[in-house]
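Readers should treat all values here as calculations from the given coordinates under stated rules, not as data from a laboratory. Keep in mind that what you see is a predicted model, and the values were worked out from it rather than measured. Cβ sites come from the backbone with ideal geometry, for glycine too, and all protein chains shown count toward neighbours.
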Amino acid sequence: MTKQLSSRRKAYLALAVVTLLWGYNWVIMKESLQYCDPFVFSALRIFFGSFVLLFIIAWQRGSIVPQNIPLLVLTGILSTTGGTGLSTWALQNGGAGKTAILVYTMPFWALLLGWPILAERIRGLQWVAAGLALAGLMAILSPGKISLDFSSSLLAITSGLMWAGGSILIKIMGKKSDFDLLSVTAWQLFFGAIPIGLVAVLTPSPAIQWTAYLLGALAYNIVFATAIAILLWFYALQKLPTGSATMGTLATPVIGATAAAVQLGERPSAGEITGMILILGGIFLLVFLDLRCKKNA
């Protein structure tokens, strides 16, 4: 039991690192996209992120030959094409706040899908934690202050739903005896990047401005926000209940807003601060309940 509890804590630590990397990336993406088309940027970060992981596999003298290709393709389409590509498309056509709200409904889609598919039910105070996080998400991103556009809203909701579906599929794949975390992460990135790359190539876009900032942003995104973060995200998904892992990602907009306040001078409103507190309160309650349950089991 002590070993299981220790594994749980490591998974929460991995999840915390993921939210830090993704949260700070909000600021980096906002600044870097003035030099590069969003789809081109996404294709570059994901393709090269997969190459980084494949290089690590080869360096460790492991097999880079993908296993269970149909499942890898499906995971890539759900997690990478849907989670990253569709959210980028929605962001291009709609407001940033509205898009983030709808994409970050992902944890709640995952809770709904995880109930019948994985038999992971929400019980007792876990409902309170989920309610706090949802209320905080709505407060921090002020959904009542933004206009709704049907096409971008549909894209963002679909992105969150597909990301949730990819998360459920990773949980299922993790139960297979031949599951290799590094290989699965690398190849689902590669397969998921192909549709995004096709859109980037076929869609007219301004020429890339190869500034020092853009190069640094790409390096951060390829190594940290893509290769490392997604590897740790899949690890956390393996070790934690779906609800706990996906709800933990709601710390991302909190970190993003904090980073924007520090680096860009975007001071949060009273409502946004309230939302951050509610989200963090919901996450901490969920983590506390999960660790206490394991300790007492």
- Note on the structure: In order over the range 113-123: 3J(HN,Hα) from phi, Karplus 6.51/-1.76/1.60, θ = phi - 60°, whole Hz, x for each Gly or Pro, gives 6, x, 4, x, 7, 9, 6, 9, 9, 8, 9
- Note on the structure: Assertion target for D178, D37, ordered by fewest C-beta neighbours within 10 angstrom first, is D178, D37
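May I ask for the longest run of the chain untouched by trypsin sites (Lys or Arg not before Pro) that are loop-located per DSSP and have at most 16 neighbouring C-beta atoms (other than their own) within 10 Å? Provide the component values of the computation, followed by the final result.
Working: sites that count: R61, R121, R123, K175, K176.
Segment 177-297 is the longest.
Quickly rank 242-252, 64-74 as a protection proxy: mean count of other C-beta atoms within 10 Å, highest first.
242-252, 64-74
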- Note on the structure: Answer in debye to the nearest 20: the dipole magnitude of the chain about its Cα centre, from +1 Lys/Arg and -1 Asp/Glu charges placed on Cβ, is 1040 debye
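What FRET efficiency comes out for the pair R267/Y213, r = Cβ-Cβ distance, R0 = 22 Å, nearest 0.05?
0.40
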- Message: What does the net charge come to around V287 if you take all other residues with beta carbon closer than 10 Å to its beta carbon, with K and R at +1 and D and E at -1?
- Response: +2
- Output the peptides 15-23, 159-167 sorted from most to least packed, where packing is the average of other Cβ atoms within 10 Å over each peptide's residues. 159-167, 15-23
- Which entry in [x] 23.9; [y] 16.0; [z] 21.6 matches mean projected area of the Cα convex hull in nm² derived from the coordinates of this structure? [y]
- Please name whichever of L155, V262, Q209 sits farthest to the positive end of the charge dipole of the chain, dipole taken about the Cα centre and charges placed at Cβ: Lys and Arg +1, Asp and Glu -1. V262
- Task: List nothing, just return the count: lysine pairs in the chain, 8 or more apart or interchain, with Cα separation under 28 Å.
- Result: 26
- Message: Under the rule of at least 5 residues apart or a separate chain, name every residue whose amide H is placed under 5 Å from the amide H of N68.
- Response: none
- Message: If I stretch the segment between F288 and R123 completely, what's the gain in nm (0.36 nm per residue apart, minus their alpha carbon distance), one decimal?
- Response: 58.0 nm
